[in-house]
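In what follows, a structure is listed as structure tokens, so that the remarks can point back to it.
No value in this document is a laboratory result; all are computed from the given coordinates. Remember, it's a predicted structure, so these values are computed and weren't measured experimentally. Positions of Cβ are backbone-derived with ideal geometry, glycine not excepted, and every protein chain shown enters the neighbour counts.
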Protein chains: 2
Amino acid sequence: MKLPVSTEWVLHCATSLAQLEPGATASAGQLAGYFDVPQAYLAKQLQPLVKAGVLAATTGPRGGFRLARPAADITFLDIVEAVDGTAPPYECREIRQQGRGALPAEDCRAACPIAAKMAAAHASWRTSLAAVTLADLLSEIPEWAPERTRRLLTGTG
Amino acid sequence: MKLPVSTEWVLHCATSLAQLEPGATASAGQLAGYFDVPQAYLAKQLQPLVKAGVLAATTGPRGGFRLARPAADITFLDIVEAVDGTAPPYECREIRQQGRGALPAEDCRAACPIAAKMAAAHASWRTSLAAVTLADLLSEIPEWAPERTRRLLTGTG
DNA sequence: GCCATCCTACTCGGATATCGTATGTCCGAGTTGGTCGGG
DNA sequence: CCCGACCAACTCGGACATACGATATCCGAGTAGGATGGC
């Protein structure tokens, strides 16, 4: 069970974008230089964020990415599931209905107890991530951080 | 973020082994036939369970696998982390200290806030799994299930 | 009939191929801002 | 001096290679139970 390396990238990118002035954008190249990560691959990983409605992208000069919603309405879960997908890590393939020990279908109306426990753990994980918004995170950083981010990221700040 | 398919196998195998009489064993071949999964690959996945001290293996005729501890002392977390490893899914590579926006080391004494949130979610997941033991699971299955498992799995029951 | 020995069959354990996905890179379509010429 | 059209550079978006780990398989070392021969 491993999240893509790019998960860290997009979380930090979203945090940085949240520190920009409303309407301002940062390009994939600027973000890549800010974190020293491959520019092309970062752009590729930001795309699903746009499709998920977390970020908005504008092309052309002075274009780039910005938050599509207020920072208070974007949770960690939104970002993580956008880049990694929403499929739960444990997939029940109903092996209890296969092989020599296959249970009759009438005993499988209820969900597999094992799968239920795994689903509960996954739900706990999702709940924990959904409880944190980008706005919550910004409240934890120093006062001087946003100005610094704007200056080093976009050059205007 | 995806758990190996074998996670389902070993969870069901452990549950079945917990239904055997104390000291009784089931071979990898018997378990594979019981669930209709590849026998060699299942044996490979049961090995880390033995190394983790969850299962015990005996060789030779009438040998096989059995629980190394009472079912009440084996949690889902023990099994899942044995087969999948204990590394957390989100790995903080400290990109906040890299690139144009690198923070000075003195501002990085505290853990990265983003990594802290991800670690908290992972801790929540682990806590949820650690709260379920094999004994808990056995209390949810029908009365007639253990006898049936013993009969179809080992032929003696 | 009992026992020690040998043997056979069965077990796990690790080493070895194959496949799929994450990772990394590249080029093309589209758009905006600036520039240049004309009025 | 003001305005419109053109151009060029910059942006994202999707298509194309590569590396690593999960998946699947096989063969060898070791052991316990049973058969066998002797006492």
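Just one of (1) over 30 Å from residue B:109 (Cα atoms); (2) surrounded by 15 or more Cβ atoms within 10 Å (Cβ to Cβ); (3) more than 10 Å from every other protein chain (Cβ to nearest Cβ) fails for residue A:150. It is (1).
Screening B:100, B:109, B:66 for residues that are facing chain A (nearest Cβ under 9 Å) and away from DNA strand D (no atom under 11 Å from the Cβ) leaves exactly one candidate, B:100. When restricted to residues that are among the hydroxyl-bearing types (Ser, Thr, Tyr), facing chain B (nearest Cβ under 9 Å), out of contact with any Leu (no Cβ under 9 Å at 6 or more places or on another chain) and within 14 Å of DNA strand D (Cβ to nearest atom), region A:4-55 contains 0.
I'd like the full set of residues that are assigned to a loop (DSSP other than H, G, I, E, B), out of contact with any strand residue (DSSP E or B) (no Cβ under 7 Å at 6 or more places or on another chain) and under 21 Å from residue B:95 (Cβ atoms), limited to region A:18-57. Correct list: A:19, A:36, A:37, A:38, A:54.
Restricting attention to region B:92-112 and to residues that are assigned to a helix (DSSP H, G or I), of a type in the set (D, E, K, R) and closer than 22 Å to residue A:26 by Cβ, the residue that is farthest from the chain's Cα centre (by Cα) turns out to be B:107.
Determine if region B:26-42 includes at least one residue that is within 11 Å of DNA strand C (Cβ to nearest atom) and under 14 Å from the mean Cα position of the chain (by Cα). Yes, because at least one residue in region B:26-42 is within 11 Å of DNA strand C (Cβ to nearest atom) and under 14 Å from the mean Cα position of the chain (by Cα).
In region A:112-125, the residue that is surrounded by the fewest Cβ atoms within 10 Å (Cβ to Cβ) out of those that are in contact with a Lys or Arg (Cβ under 9 Å, 6 or more places away or on another chain) and within 7 Å of chain B (Cβ to nearest Cβ) is A:114. Residue pairs whose Cβ atoms lie under 8 Å apart, sitting 6 or more positions apart in sequence or on different chains, and linking a residue in region B:77-99 that is more than 30 Å from residue A:149 (Cβ to Cβ) and in contact (Cβ under 8 Å) with a residue 12 or more places away in the chain to a partner that is in a loop (DSSP other than H, G, I, E, B) and among the small types (Gly, Ala, Ser), are B:78/B:52; B:81/B:52; B:82/B:52. Among the numbered conditions (1) within 8 Å of DNA strand D (Cβ to nearest atom); (2) within 11 Å of another protein chain (Cβ to nearest Cβ); (3) part of a loop (DSSP other than H, G, I, E, B), the only one that residue A:60 does not meet is (2). Residues in region B:126-144 that are surrounded by fewer than 17 Cβ atoms within 10 Å (Cβ to Cβ) and either over 16 Å from residue B:67 (Cα atoms) or at the interface with chain A (Cβ under 8 Å from one of its Cβ atoms) (or both): B:127, B:130, B:131, B:139, B:140, B:141, B:142, B:143, B:144.
For region B:126-143, check the following and say yes or no: at least one residue is charged (D, E, K, R), outside any loop (DSSP other than H, G, I, E, B) and within 15 Å of residue B:34 (Cα to Cα). Checked against the condition, which is being charged (D, E, K, R), outside any loop (DSSP other than H, G, I, E, B) and within 15 Å of residue B:34 (Cα to Cα), region B:126-143 yields no hits at all. Note on region B:56-72: residues that are touching a Leu at 6+ places or on another chain (Cβ under 7 Å) and among the basic types (Lys, Arg) total 1. Just one of B:99, B:60 is within 30 Å of residue A:15 (Cβ to Cβ), of a type outside the set (Val, Ile, Thr) and within 16 Å of DNA strand C (Cβ to nearest atom); which is it? Matching residue, one of B:99, B:60: B:99.
What about residue B:73, is it over 28 Å from residue A:154 (Cβ atoms), acidic (Asp, Glu) and more than 8 Å from every other protein chain (Cβ to nearest Cβ)? Answer is yes for this residue. For region B:42-68, a tally of residues being more than 16 Å from residue B:26 (Cβ to Cβ) and surrounded by 14 or more Cβ atoms within 10 Å (Cβ to Cβ) returns 2.
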